Amino acid sequence: MKNVMILGAGLTGLTLAYQLKKAGIAAILIEARNRPGGRIHTLYPAGEAPVEMGATWLGEKHEALVALLNELELPVFEQFLQGYTFYEPISTSPPQVFLLPDQAPNLRIAGGSSVLINKLLSYLTPDQLHLGQRVQKIVYHNGIFSVESPDQSFSTDILVSTIPPKLLVEKLEFQPALPESLVQKAQQTHTWMGESIKVAITYPRAFWREKKYSGSVFSNVGPISELYDHSNVEASHFALKGFMSGALHGATQGQRKALVFQQLQKYFGDEALQYSTYYDCVWQQEEDTFAPYAGYILPHQNNGDSVFREAYFDGRFIIAGTETAAAFPGYMDGAVASGMEAAKRVLKLL
């Protein structure tokens, strides 16, 4: 039996490992971070609502993800959007208040997105997962890959990367080198979440619901551009969560926090200042997610490009991950679909 190794223990890597485990194959996962999950990262403050610092929403159209959640018996619930929403088009006029039109519901995973990560992990044995191993060099010779991190070396017959393509080609040394066409395309491929700043604030009560507000904000002024109710599925713990301008990645957390509460006070009054906990996550500071671009890159640029689904190193090296998915690249659904497709390719090789 050939050995299978997966670079990255995010949603794609864990979906792939789960699919292979069902086929009786125990793949090894190598993860640079000291935690699994990648760009899914739920915080669980004691006595507060779980808050997402990474991937959050899905829809019924995300068929691969919905099918996996159903298979694993993990429930979802609708994003709370009932009540009035704030819209702030310009800084020189007061925010407008309106009701959102009916639309297809956005869904969240009950208990937080990391519930899916932990469920997939539960099907693996502890020896399958190696955390804190930042791979630096991959050598392919006579049908075998040597995978080297600063303090450990691994070997495998089949290697699957779920690392964002840009990081894969820029942070890992390959011998022999990857094709230049692949390298150039990967360097110009947008990394999902890379420039995002997520912010979340927990509260002892949902004062916005009491005032018939949805908790949603859309602002061209910022620093928060979008904000949503982020209370738990039981509606027993309450939070707001949103996206902050990526331009603030160089500010201190204290500076970002001050700007956030100044903005929230403008909409909700002094009750917005009576918070329990504040969190933000600057993904641009995550070396295993973000690498600077040489020029301007559009959101989702080159995501899903067919070059990432070609065969490399005698077909034994497979490139996967949400940026490579043929459908919904850059979303949780793309990550799951890519993991499932990679599993089919691995099983065919075996």
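The values are calculated or read from the model by the stated rules, or taken from the named source; none is laboratory data. Source: prediction; values computed, not measured. Using ideal geometry, Cβ is built from the backbone for each residue, glycine included, and neighbour counts are taken over all protein chains shown. Note: areas computed on protein heavy atoms with side chains; ligands, DNA, RNA excluded. Shrake-Rupley method; radii C 1.70, N 1.55, O 1.52, S 1.80 Å.
Mind putting a number on the dipole of the chain about its Cα centre? Charges go on the C-beta only, +1 for Lys and Arg and -1 for Asp and Glu, and I need it in Debye to the nearest 20.
Its charge dipole is roughly 180 debye.
Using a 1.4 Å probe and counting only protein heavy atoms, arrange TYR331, TYR18 so the residue with the most accessible area comes first.
These residues rank, largest area first, as TYR331, TYR18.
Please report the antiparallel percentage of DSSP beta bridges with both residues in the chain, rounded to the nearest 5.
70
Carbon and sulfur: what percent of the chain's accessible surface (1.4 Å probe)?
51
Using a 1.4 angstrom probe, figure out how much accessible area the range 10-89 has per residue, in square angstrom, rounded to the nearest whole.
Per residue, the range 10-89 has an accessible area of 38 Å².
Using a 1.4 Å probe, what is the accessible area per residue for the range 110-151, in Å²?
Ligands and nucleic acids excluded, the figure is 48 Å² per residue.
In deg cm²/dmol, rounded to 500, what helix-only [θ] at 222 nm does the chain give when every DSSP H run of at least 4 residues adds -39500 (n - 2.57) and the total is split over its residues?
Theoretical 222 nm ellipticity from helices: -7000 deg cm²/dmol.
If you roll a 1.4 Å probe over the heavy atoms of the protein chains, what accessible area per residue do you get for the range 178-294, in Å²?
About 42 Å² of surface per residue is accessible.
Express as a percent, rounded to the nearest 5, the fraction of DSSP beta bridges in the range 1-143 (both residues included) that run antiparallel.
Just about 65 percent of them are antiparallel.
Need one number: nm distance between label points at SER306 and GLU73, each 7 Å from Cα along Cα→Cβ, rounded to one decimal.
4.3
Quick one: which of 219-231, 125-137, 188-200 comes out on top by average Cβ neighbours within 10 Å, and what's the full order, highest first?
188-200, 219-231, 125-137
Of VAL97, TYR84, HIS62, which is farthest along the charge dipole of the range 44-99 in the positive direction, counting Lys and Arg as +1 and Asp and Glu as -1 at C-beta?
VAL97
Under 27 Å between alpha carbons, and skipping anything fewer than 8 positions from LYS198 in its own chain: which lysines qualify?
Result set, ordered by chain and number: LYS61, LYS119, LYS166, LYS171, LYS211, LYS212, LYS241, LYS257, LYS266.
Put TYR203, TYR293, TYR84 in order of accessible area, largest first, 1.4 Å probe: what do you get?
Descending order: TYR84, TYR293, TYR203.
Explain nothing, just the number: dipole magnitude of the range 213-328 about its Cα centre with +1 on each Lys and Arg Cβ and -1 on each Asp and Glu Cβ, in debye rounded to the nearest 20.
Charge dipole, the range 213-328, about its Cα centre: 240 debye, nearest 20.
Can you find, among SER196, PHE238, VAL135, the residue sitting farthest towards the positive end of the charge dipole of the chain, where Lys and Arg contribute +1 and Asp and Glu -1 at Cβ?
The Cα lying farthest towards the positive end belongs to VAL135.
How would you order 117-123, 159-165 from highest to lowest mean count of nearby Cβ atoms within 10 Å?
159-165, 117-123
Indicate the helices, whole DSSP H runs only, in the chain that combine a mean Kyte-Doolittle hydropathy of -1.0 or more with a Cα extent along their long axis of 18 angstrom or more.
Length and hydropathy pass: 253-268, 332-349.
If you take every residue apart from GLU71 with its C-beta less than 15 Å away from the C-beta of GLU71, what net charge results, scoring Lys and Arg +1 and Asp and Glu -1?
Here the charged neighbours net out to 0.
Could I get the Rg over Rh figure for the chain? Both from C-alpha atoms, Rh via Kirkwood, rounded to two places.
Using Cα coordinates only, the ratio equals 1.00.
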